[in-house]
Amino acid sequence: MSVKERRQKEKEQRRRTILAAAEKLFAGDGFHNTTIEQVAADIDLSKGTIYLYFQSKEDLFFSILEEKIDNYTHHLKERLAQAENLKCAVSITVSEQFKFLTENHHFFRLAISESTKFEQKPSHEMRLNFIAKQVQFTALLEKVFSTHMKKQAISGFKPKSLALSVNGAINAHMMNWLITGSKTNLEKVKADILHIQLHGCAGQTNEE
């Protein structure tokens, strides 16, 4: 490994260390009560070093969010490669997304509750990056769904519509759960979403 490569690796490792420390402090003390100084002190770095990697506390917060989305998208891509048909692909998408959101619910609830306290709005570049990741995620689902639809000769709707429908349903239910803090039976919600996506609105009737 060259000196340049070693320095780049060390720089990336330090960035990840900063992100991990910030996430821990944000989760424990809240976004508003956490300072850059606290993040730096937690990992024995100077405040100036943190600013070499992140422009602001908001930048740090959204970088954590982007990192989580990147890791999840990579994981989902690997899981979807195992899908045998369209129903299986939809089922994997719903199950994995619920798992991801519930495992990280403290962070996302924090993002919702404290976003109004941000002293600085996310930069234009940061917003564009976040939007781009959402577009890429939808494109991943669309590509996988399209492949299975062609193999199974399924028509009548566009794969992008299915991708947006599945993702939208999950996000709507999870947003409601995060905001209300209710004791919603997420397994039942997940089952309902799967049934509607796979079978439409033709549920069981009283006569059945």
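Annotations
- Once the stretch 1-18 is narrowed to residues that are within 20 Å of the chain's Cα centre (by Cα) and among the basic types (Lys, Arg), the residue that is farthest from TYR53 (Cα to Cα) is ARG16.
- Of all residues in the stretch 1-38, those satisfying the criterion of being in contact with a Lys or Arg (Cβ under 8 Å, 6 or more places away or on another chain) and free of Cβ contacts under 8 Å to residues at least 40 places away in the same chain are MET1, THR34, THR35, ILE36, GLU37.
- Only residues that are outside any helix (DSSP H, G or I) and either aliphatic (A, V, I, L, M) or surrounded by 14 or more Cβ atoms within 10 Å (Cβ to Cβ) (or both) were counted across the stretch 61-117, and they come to 3.
- Pick from the stretch 19-54, criterion among the polar types (S, T, N, Q) and at pLDDT 90 or above, ranking: farthest from the chain's Cα centre (by Cα): SER46
- Sole exception among (1) surrounded by 15 or more Cβ atoms within 10 Å (Cβ to Cβ); (2) out of contact with any Phe, Trp or Tyr (no Cβ under 7 Å at 6 or more places or on another chain); (3) aromatic (Phe, Trp, Tyr) for TYR51, by number: (1)
- Of all the criteria given as (1) assigned by TED's automatic domain parsing to the domain that holds ASN104; (2) among the β-branched types (Val, Ile, Thr); (3) in contact with a Leu (Cβ under 7 Å, 6 or more places away or on another chain), the one not satisfied by THR34 is (1).
The values are calculated or read from the model by the stated rules, or taken from the named source; none is laboratory data. Everything quoted here is computed from the prediction, not taken from an experiment. We place every Cβ from the backbone using ideal geometry, glycine too, and count neighbours over all the protein chains shown.
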